[in-house]
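Accompanying notes for the structure given below.
Read-outs throughout are calculated quantities, based only on the coordinates presented, and are distinct from any laboratory measurement. Note that the coordinates shown come from a computational prediction; the quantities given were computed from them, not determined experimentally. Cβ placement follows ideal geometry from the backbone for every residue including glycine, while neighbour counts extend to all protein chains displayed.
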Amino acid sequence: MLDQRARILPPYTRRVNDMRHLVSKVVVVTALILFAMMMGFFIAVFGLSGWFIPAVPLVLMFGVALWMAPDIDPHFDKAIKRGYFIFIAIFLIWPGYLAFNVPGLPWVSFARLAMFALMVIFFMQLAMSRRFRNEIHETFASNIWMTRFFLGWIAITVLMSAAAGFSNADRDVNMQIMWHLPMIMTAWIMRADKNPQRFFYLMIAYILVTAGVTIPEYIQGMPIWSPYIPHWLLAEESFTGFLLDGGRRFDIYRVRSIYLVPLAYAEFIGMSVPFILLGIMHAKSFWRLALAFALFLLLFTAAWLTQARTALIVFVATIPAFILLWAVRRYRLRRTEQDIISTAVLWAYPACAMALALAVTAVPRIRVRVFGGTGTQNSDDARAAQWDMAIAQILQNPLGYGSGSLQERVPYTNRAGDFTVDAYPINLLIEHGVIGFILFAGFFLIALYTGARSYILAKDEDELVAGAAALSILSFLVSRTILSMEAGIPLAFVMAGLILAIHWRQQKRMQAEVPRPVTAAFSRRYEARGIPVGAKA
């Protein structure tokens, strides 16, 4: 007996077993099998990076399909914003080494999965919405020099990847997706009211979580989740022993929080300090001020437990810089009131800076913690040797040797026989040349200046976040001089996107505040309506 749907609407009943659907199933299954065979062939012949070869035509076809899509403005704005904050939360709080290790592919981390889903929605919106494209364009057009350096840096990365024969394709693709694309997304998303404040609170939550786990980690002598990690969730099996044994210096455990090594966490600590300082200097109530101080002490404790000079160096660099920005902003806002506090801070700042410099250089305990001593001499000697090797290669070819050429050109190994480089300028100068180094450093220096200026001119809470982002970039640049790992670079690009969005918002506000010139036509038009010039319509 036929069911009701088959009896009432037989012409509209979907037939899943007819010839058309059977052929479609066969075609789809056959295509997947052929794709898997092709992928396996290229990986077998060209190594793990061989996946890049069959992926190129698929990406090109996807791009052509998007280019041909109609301009209908699908309004994926809410989905993009929701997916963006999910991605940022996962990137900041979830350990990056807890990922699926799929043979032939890079780590399939949760942050990459979130970015992949977000990327698909973002590009669909970009292809089908002129409004969306115009908003991104006007945001980047608000700071032409920052945009030029950013596009120049992207161009040099693609060029140097091609110069190396795309031998390091997985890393280069990861750079474009996980570094540059979040910057563009951030620059668009942070245009909206309250979104910079949401990002600020997300950073506070990140600090609370990542710094809060360091105390039980230090007591236990390993990350608290290390004994409970399933084998299928660890990116590489070799990490197991490292996580359980822990990294030690002179038999003292060094905390690492959600990161694999203490130095990576030390860099993120430095990039987080300005957000705590923003909460302290602009607290609206006693309880918020007390919470900000408590978080500052917690973060400083975590920095101390890392036993890394990087964490303390950025404290020394960012705290005085934030106080100076705060004093300049307060003096500008209250100069007509003859404000004593800002004037006193500005006048006393040179003497305090000199006292801090003397304390760092003259007090042995502080000097050792910041600049190192006998226990860190090996690290200092290693960096000097690396620079000696790098300078010879840079003089030989200032244009760079291409992506992935660092180990070949600067083959420095530590006592354990492992390749290592301890300064990111060496990476830039060897792989991307002097031009790449200038573009990379220039982009972040322009972002730093733009963010500091936006903070000084800020009139609301959203615009104040630019100051924290600017000093976060300052901390990043300081740590890059003695750190080569790329873990903190995506967050630095996100900070730059945040600054660009706030700069655009501030320009729009300042343009709206400028009074329009009163013309004769303007006056006649309003007087004819009985509205005096200067009154609100």
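By count of other Cβ within 10 Å, fewest leading, how are 463, 217 ordered?
Numbers: 463 19, 217 22.
Fewest-to-most Cβ neighbours within 10 Å comes out as 463, 217.
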What lysines does residue 25 reach when the alpha-carbon gap must be under 16 Å and sequence neighbours fewer than 8 apart in one chain are set aside? none
Approximate spin-label separation residue 228-residue 75, in nm, with each point projected 7 Å along Cα-to-Cβ: 4.3
When a/c reaches 1.5 or more, the comparison of a/b and b/c decides; with that in mind, is segment 70-205 rounded, prolate or oblate per its Cα gyration tensor? oblate
Taking the number of other C-beta atoms within 10 Å as the exposure measure, put 172, 193, 251 in order starting with the fewest. 251, 193, 172
Per-residue Cβ neighbour rank within 10 angstrom, fewest leading, 145, 94, 326: 145, 94, 326
Leaving out same-chain residues fewer than 8 places away, which lysines sit with a Cα under 30 Å from that of residue 459? 78, 81, 194, 284, 508, 536
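Suppose the chain between residue 193 and residue 116 were pulled fully straight at 0.36 nm per residue; how much longer would it get relative to their current alpha carbon spacing?
25.1 nm
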